[in-house]
Amino acid sequence: MSAKTASLESRIRQQWDQLSLHEQRLADVLLAAPGQLAMNTATELAQSAGVSKATATRFFRHIGYESYDAARRQAREMQNSGSPLYLQAAPSASPLGTLIQDHLEKEVSSLVNTFRSLEDDQLEACVEAIASAKRVVVMGWRHSQTIAMLIYRDLIHIHPDVRLLPRAGDSLAEHLAALGPQDVVICVGLRRRMPALETAMSALSEMQVPILYISDVLAGKPAKYANWVLRCHTDVNLIFDSTVALSGVCNLLCSLVARRMGKTGSYHLASIETLHQSLEELE
């Protein structure tokens, strides 16, 4: 990593011994919640640390930034990327009840705004493609795989051939090579996406495999390879992205697929239930 692209935290740690006591006080405030840098002016930040604006200006130049604005641009880029470190706010004196209410209102807003953004024609096309696909592959990395697992767990009850990728110990090529236009791949790509997602979607697009892409509002570069894109609101007031809207959309999507598959899906589910009983797998 070059000096120009080094993170705020690494710059501070590298220069810590050379910082004055006042600069170290400001550094402590930023290390506790670096996202403040994206939201506050230099004056506000200096006040929160109990130092002068001049100290704040010297501090950012001391750790290698051209200016305070350059440091703030980098912090905003980190926030937009979804870094939890930059999304957490400074410690709040608000009562717990207030934080809970604010969180609830934000979650409800994310759910409502996401469902309002859904387009009937696009959703119907996704449902038809999944219901009629020979194979359905659901793909996601890191926290996106948690959402991919939700989709997989629902679809496996109604569709005869559903697969979850990536799988431990396997390469993607071993599974993607057999896919074609008769299949559908559902890709989940929430912010802080791994490069492997875009690479896989690019390859699938070249193979003419239909792709449904479920993402956050920004969607990112992988969206250009998708046949359909469902964007979900994930912003919250606290540190971790919301998954409420994602869960709701995935539940709706899978339920509509089950409705579209009709008797075929019901027969498959009935067979599974019969085996559950004979194998005594469930209470």
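The values are calculated or read from the model by the stated rules, or taken from the named source; none is laboratory data. Predicted model only: the values in this text are computed from it and were never measured. Glycine gets a Cβ as well: all are built from the backbone with ideal geometry, and neighbour counts include every protein chain shown. For accessibility, only protein heavy atoms count, side chains too; no ligands or nucleic acids. Shrake-Rupley method; radii C 1.70, N 1.55, O 1.52, S 1.80 Å.
Details
- Across the options THR98, THR57, ALA71, the greatest Cα extent toward the positive end of the charge dipole of segment 1-129 (unit charges at beta carbon of Lys, Arg, Asp, Glu) belongs to THR57.
- When shorter helices are ignored and each DSSP H run of at least 4 residues is given -39500 (n - 2.57), the per-residue value for the chain at 222 nm works out to -17000 deg cm²/dmol.
- Solvent-accessible area, 1.4 Å probe, carbon plus sulfur percent, for segment 229-283: 54
- Accessible area, probe 1.4 Å, largest first, for residues LYS221, LYS53: LYS221, LYS53
- Candidate residues TYR152, TYR65: accessible-area rank, largest first, probe 1.4 Å: TYR152, TYR65
- Qualifying lysines (Cα of each under 17 Å from Cα of LYS134; at least 8 residues distant if same chain): LYS263
- Cα→Cβ-extended label distance, 7 Å offset, between PHE240 and THR98, nm: 2.4
- Computed accessible area, PHE240, all protein chains, 1.4 angstrom probe, square angstrom: 140
- Rounded to the nearest 10 degrees, the angle from helix 21-32 to the longest Cα principal axis of the chain is 10 degrees.
- Summary value for the chain: 17 percent relative contact order, contacts being C-alpha pairs under 8 angstrom separated by 6+ residues.
- Inter-label distance, nm, simple model (7 Å from Cα along the C-beta direction), VAL217/ARG142: 2.0
- When the square roots of the Cα gyration tensor eigenvalues are ordered a ≥ b ≥ c, the ratio a/c for the chain is 1.5 or more and a/b exceeds b/c, which makes its shape prolate.
- For the set ASP216, ASP17, ASP28, the ranking by accessible area, highest first and with no ligand, DNA or RNA atoms included, is ASP17, ASP28, ASP216 under a 1.4 Å probe.
- Were the residues from THR5 through MET207 laid out at 0.36 nm apart, the gain over their Cα-Cα distance would be 69.1 nm.
- Distance between the 7 Å Cα→Cβ label points at LEU21 and LYS134: 7.5 nm.
- Taken per residue, the accessible surface of segment 134-240 reaches 46 Å², heavy atoms only and a 1.4 Å probe.
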